[in-house]
Amino acid sequence: MPLNEEETKIRLVEPKLKAARWTDSQIAREYYYHRNVRYTHGRIFLVGEDARRREPRRVDYVLRYTDSFIIAVVEAEPESRSSDAGLEQAKDYARDLDVPFAYATNGHGIVEYDFFTHSSRTLQQFPTPDELWNRWVENTHSTDLALAAEIRAEYLAGLQAKWRDPLLHPYCPERLCGKQPFYFQEVAIRRILERIMRGQERVLLNMATGTGKTFVAFQIVWKLIKSGWLQRRHLDRPARVLYLADRIFLRNQAYNTFAPFAQERSGDPRHLIEGHPPNLNRDLYFGIYQTLWSEDENGVRLFQKFPRDFFDLVIIDECHRSGFGTWREILDHFASAIHFGMTATPKQDENIDTYAYFCAEEPEVAIDPENPSKGKWRPPAYRYSMGRGIEDGFLAPYKIHRIYTTVDQTGLHLREAAEQGAEIFVPEGAEPKEIYHTPEFEREITLPDRTQTMVQHLASLLRRFDPMEKTIIFCVDTEHARLVARLLQNEFADLGYDNYAVPIVAEEGSRAEQWLEDFADSDKRTPVVATTVDLLTTGVDVPSCRNIVFMRTVASPIVFKQIIGRGSRLDEATGKLWFRIIDYTGATRLIDQWDLPPAPPTMPQGPFTAAIEGIVVHAQTGDLLVRASVRVHVGPNIQQGPALTDENGAFQFTNLPAGRIVLIASAPGFRHKEMKVATEADTVTTVVLELKPDTGPVQKIRVEGLEVQIAEETVFVVEATGEQLSLDEFRDYTRRVVTTRAQAEGTLRAIWVNPQQRERFLTGLRQQGIHPSLLAELLGVPDADTFDLLAHIAFGSPIRTRSERATAFLNRQQAFLSRFGEDARRVILAMLEKYRLYGLEEISHHEIFNLSPFRDWGGVSKIQRWFGDISAMRQALTEMQKRLYAEV
């Protein structure tokens, strides 16, 4: 008799692996295999408010050349199947794990797929570890070839030699850093190291918020330093690394992540850059742009006091957001270092220059291999999107609640508001407009009644969900954040917490820092709600955050992705496996699938023969403004200037593209001004920029006494297909799926009364993202019978509750019940009560007999005798279920 899959592994596959010098022990930490590796967690999906996981992806064998270097995967099939039956599956696993060799075997024949040659071959035995490593080196040239030759030439013990190669050097031990990398982090680490070791000086990593970019950077630095590779660039001094961020808490977070370096030696090699003069006696530096850009009393910036070749590696965190001015000058100063950028956002119009800078050395590939006309681009070293993180089960999925107030839906007409009795306060210097829309609310015009309505609605949602769930609310400005916090604090004053809702804004200083620390701590009950403007858009790790609320408009897809990243982290400690996006401003229109290839960049096109010249003047007096600053934006993140006006208040820019560009002018004591200018090829366009005196901030127009209501509220669900479906769309989708499987209500009923067919039917629905309990929640009928719910959606039948069906059964099926003895009737009636409470699926499982009262009656072994035997009991309970659904 042929061996099954497990027997094939143990008796046939593993002896072949061991014969090729692969071992089942990692004590030596080289040349070993892991068996039955679960490399994803399994996607989390929502059934109502309940989160469940799908099966994780597993591979039969992962072959590691060293503990930190996966080189191949093996998929085993039962002896009775052909040796190549599992090859396509093995190739899928290899693509996920980014390894070049995939094997399929039935224990006798072995089929190898080589991703370098894109071809397969049949083998009688597995290649040895060194054979695979040599093939990998020859095909990739990703390792330092001089180093590889040097290692081979030395007479060193195996691991001691291999560990001089960063790719093969072990990760930081789990006892020091608390965790080991996930599969996608291993891929990222390997991809970055490959590029650095072959001499690439600019590298970009694109990983979604919450997937551990800082941890990846730490492991890369650990391998480069502990292997000695980084110091081999110059043997006269230690290797030095600069970690560059744009916020103090991101800098401090990285500093803490790199703590294992301090535990492995007597002195701490880390240093926080906090001001002049610089400390030049450490190895690992952590700073923010603002500090490095700061000047001393002589006008010398801090970064200029470091020698140009001081650092070997500069890591730029959230590099898309760093501004193509400040960080570029700092990086130019340290031009001899390797520059490693990290971002959580894909390539878009807003960060084209970021990608161009860090990806210049990457090979050019087609944006869409299926459609070459879309052009080419240079992708980052590795990409791992939020969508992929959700699919793998490492990130939390989300549910969307989209709400519009009446004033957001129609806009605010000042004249109509006044006619309806609202009071309008127009401060000096403000210029009222006839109509205002959502993006202008709380920026140009403040509407306390609108804010009050939104806060009251949000409070009703939080009471329904759980008022103690951590919530972040993104507001327009500091004033707005403080107002929302105060109103929400009042809404939940009955809970007895003084810090239930707090404004975490820069203006609150050290108090905001303490609130933030407490808010991020899952063990602290308060603050529960944090209102903010932008301090919580990036970097802050609050895994327990359940609700992300938009009370401000967002135009940038990058900012939107950063914000929802605050909720995407899992928190097993608090049971948080998914989160909500509560959207009052239409921000969720920016959701997209950023796994897809990027759109062609909208870079300005030549010829660059246009020019602009002009003057800057005082708007009220007409006086020329000397040394006013003018710059021109010609494309996303691309600018010329700033240039200073001469003694005639004049400026000029040349080599501009034809099209619409933006001029920005500013001067001390004046408000800055933006002007859109249309340029033409081979033409000089003349402009006059008028700057108004800066008399302090203009107060916002205030409107009080408005009648503001919630006009529309929609719940969106994240489908298995990745679609965002509204309730109506979800109902239509469900109707199509159900009627495809059951064309009429009678067909559905026939399926329903057959336990095996019903289970197959429900399994099929779940696979397509349809969960009856979710439908019941969305329709507001939590106690509806599942059959009736589906029949209602698909065929328009009335919805009946389980209680109604149970009562109808008792009224109509007395003759059926009288066929059984007292004990058997007692069982059927108890089953009926279980159905009334929990539904048909719960009473269809054999485990029901392990629950009370059946357990108390002796379980299935005794109960089946009350019906005669097990077969008679099953027949009686199946008939009971059929009679539950008898046509009325």
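Apply the a/c threshold of 1.5 to the C-alpha gyration tensor of the range 606-710 and tell me whether it is rounded, prolate or oblate.
Oblate shape, in that a/c is at least 1.5 and b/c is the bigger or equal ratio.
Relative contact order of the chain: what whole-number percent is it, with Cα pairs under 8 angstrom and at least 6 residues apart?
9
If you take the charge dipole of the chain about its Cα centre, with +1 on Lys and Arg Cβ and -1 on Asp and Glu Cβ, which of Gly868, Ile315, Thr801 is farthest toward its positive end?
It is Gly868.
Could you tell me the accessible area of Trp866 in Å² (1.4 Å probe, neighbours in place), rounded to the nearest ten?
60
Can you pull the Kirkwood radius for the range 1-76, inverse mean 1/r over Cα pairs, to one decimal in Å?
In the range 1-76 this quantity evaluates to 14.2 Å.
Give the cross-link partners of Lys374 among the lysines, using a straight C-alpha distance below 20 Å as the criterion and excluding same-chain residues fewer than 8 apart.
The qualifying lysines are Lys347.
Counting DSSP beta bridges with both partners in the chain, what percentage is antiparallel, nearest 5?
Roughly 55 percent of the beta bridges in the chain run antiparallel, per DSSP.
Using Cα pairs closer than 8 Å and at least 6 residues apart in sequence, work out the relative contact order for the range 370-518, in percent.
Normalised by residue count, the contact order of the range 370-518 is 14 percent.
Using θ = phi - 60° and the Karplus relation 6.51 cos²θ - 1.76 cosθ + 1.60, list the HN-Hα couplings for the range 877-885 in order, rounded to whole Hz, with x at every Gly or Pro.
Using θ = phi - 60°, the values come out as 6, 5, 5, 4, 5, 5, 5, 4, 10 Hz.
Per residue, how much accessible surface does the chain expose to a 1.4 Å probe? Answer in Å², no decimals.
So the chain comes to 44 Å² accessible per residue, rounded to a whole number.
Enumerate the amide H contacts of Arg57 below 5 Å, restricted to partners 5 or more residues apart or on another chain; note that Pro and chain-start residues carry no placed amide H.
Tyr39, Thr40, Gly42
Roughly speaking, to the nearest percent, how much of the range 360-500's 1.4 Å accessible area is carbon and sulfur?
Solvent-exposed carbon and sulfur of the range 360-500 make up 46 percent of the total.
Sort by residue number and report every cysteine in the chain with no other cysteine beta carbon within a distance under 4.7 Å.
Here Cys319, Cys359, Cys475, Cys545 come out as lacking a disulfide-compatible partner, given the Cβ-Cβ threshold of under 4.7 Å.
For Ser803, what charge total do you get from the other residues with a beta carbon under 14 Å from its beta carbon, if Lys and Arg give +1 and Asp and Glu give -1?
Around Ser803, the surrounding residues sum to 0.
Given charges of +1 on the Cβ of Lys and Arg and -1 on the Cβ of Asp and Glu, with all other atoms neutral, how large is the dipole of the chain about its Cα centre, in debye to the nearest 20?
2660
Could you give the distance between the Cα centres of the range 616-662 and the range 111-134, to the whole Å?
62
When the accessible area of the range 194-319 is computed with all protein chains present and a 1.4 Å probe, what percentage of it is carbon and sulfur?
Reported share for carbon and sulfur atoms: 43 percent.
Expressed in nm to one decimal, what extension gain is obtained for the pair Thr122 and Glu680 from 0.36 nm per residue of sequence separation less their Cα-Cα distance?
Additional length available on full extension: 194.5 nm.
What aspartates and glutamates sit close enough to Lys213 to cross-link, taking a C-alpha to C-alpha distance under 16 Å and skipping anything fewer than 8 places away on the same chain?
Hits, sequence-local ones excluded: Glu186, Asp246, Asp317, Glu318, Asp541.
As a check on your grasp of the helix formula, calculate [θ] at 222 nm for the chain: sum -39500 (n - 2.57) over DSSP H runs of n ≥ 4, divide by the residue count, round to the nearest 500.
Roughly -9500 deg cm²/dmol at 222 nm, from the helical runs in the chain.
Any chance you could look up the accessible area of Ser373 with a 1.4 Å probe, heavy atoms only, rounded to 10 Å²?
Solvent-accessible area, nearest 10 Å²: 100 Å².
Leaving out ligands, DNA and RNA but keeping every protein chain, what accessible area does Met551 have, in Å² rounded to the nearest 10, with a 1.4 Å probe?
0
State which entries of Lys433/Lys673; Lys18/Lys162; Lys376/Lys673; Lys524/Lys576; Lys399/Lys576; Lys223/Lys376 exceed 25 angstrom in Cα-Cα distance in the structure shown.
Lys376/Lys673; Lys223/Lys376
What residues have an amide H closer than 5 Å to that of Arg240, excluding those fewer than 5 places away on the same chain, when H is modeled at 1.01 Å from N in the peptide plane?
Asp312, Leu313
Convert each backbone phi in the range 184-190 into a coupling constant with the Karplus relation 6.51 cos²θ - 1.76 cosθ + 1.60 (shift: θ = phi - 60°), then list the ³J(HN,Hα) values in order as whole Hz, x for Gly and Pro.
Ordered by residue, 3J(HN,Hα) equals 6, 5, 4, 4, 4, 4, 5 Hz.
Just to be sure I understand, if you calculate Kirkwood radius over Cα pairs in Å for this structure, which of (1) 29.4; (2) 32.3; (3) 31.1 do you get?
Checking each listed value against the structure points to (2).
The values are calculated or read from the model by the stated rules, or taken from the named source; none is laboratory data. Remember, it's a predicted structure, so these values are computed and weren't measured experimentally. Neighbour counts run over all protein chains shown; Cβ positions are idealised from the backbone, glycine included. Areas reflect the complete protein model, heavy atoms only, side chains present, ligands, DNA and RNA absent. Shrake-Rupley method; radii C 1.70, N 1.55, O 1.52, S 1.80 Å.
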